[in-house]
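Below: the structure, in C-alpha cells.
The values are calculated or read from the model by the stated rules, or taken from the named source; none is laboratory data. If you're wondering where the values come from, they're calculated on a predicted model, not measured in any experiment. Neighbour counts are summed over all protein chains in view; Cβ atoms, including those assigned to glycine, are modelled from backbone coordinates with ideal geometry.
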Ligand code: ADP
C-alpha cells in the first residue's frame, strides 16, 4: 500500500516476510521506496505551488482591477481630491477637478506644494488645530485664488492619515462659488426687503411721529416765550428764565432723540452685531410704537427681567422684529373692547438665552392661519403686505434663534424667541 500525505510518503508491508523470502530483493525495494517518495513529493509540491500561484494571480488581478476602479473614480470625481505629504506639503496625488479648480487646466498638480495652491483655508487657526488635533480631521470654507487671478469659494474637508508609513493629508474640496453667490444674493435681497419693510412701517407711523415731535416743539416755543417774559421787566425774574431755558434744553433733547431713533430705524445698513443690553433695545423699540399704541387705545406694558446678561445682536434688526410683532398684536386687538387691549413685551433669562416675548390679548390665531403664518405675502389684512412675519423669522434665525408662536383661540397670541447669550 502506498500512502501519500503533505509531509511524506511511505510503503507499508511486512518487511520481515520480504526479507526472509526474498533477501536479494530488499535493496531493490528500498531503492524503489526512496525514488517513489521523491517523485510523489515533487508532484505534490508542484501541484500545491500551481494552486498557490493561481490564487495569488487571482488576488493580484482583483487588486489591480480594484485599484484601477478607485483611481478612475478618484481621477474623474466631481470634487477636487488631493493627497499631500504633511512634512513638506508636496502633492502626491491630485485629480483633474483639483487641477481645473486651481486654474491649471487639467495639468496634474503632483509635486507642487499644497499650501501654495490656496487649499489651506483662510481660517488658519482651524487648519492648525485640525492638523495638530488628535483625530486630524476638519472642514472649512475658504477663498481659493486661482492662477488666472480669479477666485473660487471652496468647501474643504481634510483628514490626516498614515500612508505607507508617511503622514499625509487627504483633502477633498468642492466648488461652492455658485451656491455662495446665490446665498449672497438672497442675503442682500433680504436686507433690502427688511429695509423696505421698516421704511413702509415708518411711513404708516408718520402721523404718530409728527404728533410725537409736535409735543416737544410746542413745549420749546412755550418755554422760550416764558423765558423772554421772565428776562425782561416788568415782572422779570431771572430764576424763571433759567427754569424755562432748562425745560427748552430738555425738550429739544427729547425731539432730537425721536428724530435720531427714527432715522436709525429706517437707515439702510449691513447686518452689524454688537454686544447689547436687550432691555434698553426693547425700551427704544417700545418708544417707536408707543404713539400708535396710544392712538389705538392699547395698554402697552414692558416686563423686563433685571440684570440680564448682554446678547450679541444687530440692534436695528431686533428692534424691527419687536416693532413688527407689536404692531401685529395691536392690529389683532382692534376688534377688542378698548378695556381689553393689552400688549406685553417681556424679557426673561432661560437656559437657551434671553427670551423675548410679545403677547397680545387679541382673538388668537386659528389653526388654518397658523400653518401659513410665516409664508411670504400671506396676509389676512386688507392693507397687509404679508412680509412682516417672514422677515421677523429670518432675522431671528440669523441670530441663531427660532421664532415661536403659541396661541389658544380667544386668548391672544404670544410670539417669542431666545437670543443666545454668547452668540458672537
Ligand atoms: P401683515 O401684518 O402684513 O398681514 P405679517 O406677515 O406680519 O403680515 O402677518 C401675517 C398674518 O399673520 C396677518 O395677516 C395675520 O393674519 C396673522 N397674524 C400675525 N400676528 C398676529 C397676531 N398677533 N394675532 C393674530 N393674527 C396674527
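Miscellaneous remarks
- Filter result (part of a strand (DSSP E or B) and closer than 20 Å to residue 366 by Cβ) within segment 390-422: 404, 405, 406, 407, 413, 414, 415, 416
- The condition (being away from the ligand (no atom under 12 Å from the Cβ) and on the phi < 0 side of the Ramachandran plot) is satisfied by just one residue among 401, 413: 401.
- The set of residues from segment 353-389 being free of Cβ contacts under 8 Å to residues at least 60 places away in the same chain, outside any strand (DSSP E or B) and near the ligand (Cβ under 6 Å from one of its atoms) comprises 362, 365, 369, 373, 378, 379, 380, 381, 384, 386.
- Yes/no for residue 190 being touching a helix residue (DSSP H, G or I) at 6+ places or on another chain (Cβ under 9 Å), in contact (Cβ under 8 Å) with a residue 40 or more places away in the chain and surrounded by 13 or more Cβ atoms within 10 Å (Cβ to Cβ): yes
- In a residue-by-residue description of segment 330-337, the property of being assigned to a helix (DSSP H, G or I), crowded, with 19+ Cβ neighbours inside 10 Å, within 11 Å of the ligand (Cβ to nearest atom) and under 24 Å from the mean Cα position of the chain (by Cα) applies to no position.
- Any chance residue 312 is farther than 30 Å from residue 421 by Cα and within 31 Å of the chain's Cα centre (by Cα): no
- Checking 98, 130, 84, 107 one by one, the residue that is part of a helix (DSSP H, G or I) and modelled with pLDDT of 75 or more is 98 and no other.
- For segment 300-327, residues that are assigned to a loop (DSSP other than H, G, I, E, B) and either touching a strand residue (DSSP E or B) at 6+ places or on another chain (Cβ under 7 Å) or surrounded by fewer than 16 Cβ atoms within 10 Å (Cβ to Cβ) (or both) total 6.
- Residue 275 vs. criteria more than 15 Å from residue 359 (Cα to Cα), away from the ligand (no atom under 16 Å from the Cβ) and part of a helix (DSSP H, G or I): no
- Search result, residues across segment 136-187 that are closer than 25 Å to residue 399 by Cβ and in a strand (DSSP E or B): 139, 140, 141, 142, 153, 155
- Selected residue (criterion: surrounded by the most Cβ atoms within 10 Å (Cβ to Cβ)) from residues of segment 62-81 that are in a helix (DSSP H, G or I) and in contact (Cβ under 8 Å) with a residue 12 or more places away in the chain: 74
- Of the criteria (1) farther than 24 Å from residue 194 by Cβ; (2) in contact (Cβ under 8 Å) with a residue 24 or more places away in the chain, which one residue 340 fails: (2)
- Exclusive hit being loosely packed, with under 15 Cβ neighbours inside 10 Å and either under 16 Å from residue 202 (Cα atoms) or touching a residue at least 12 places away in the same chain (Cβ under 8 Å) (or both), set 292, 270: 270
- The residues listed here are 395, 345; of these, the one that is buried (at least 21 other Cβ atoms within 10 Å of the Cβ), over 23 Å from the mean Cα position of the chain (by Cα) and away from the ligand (no atom under 12 Å from the Cβ) is 345.
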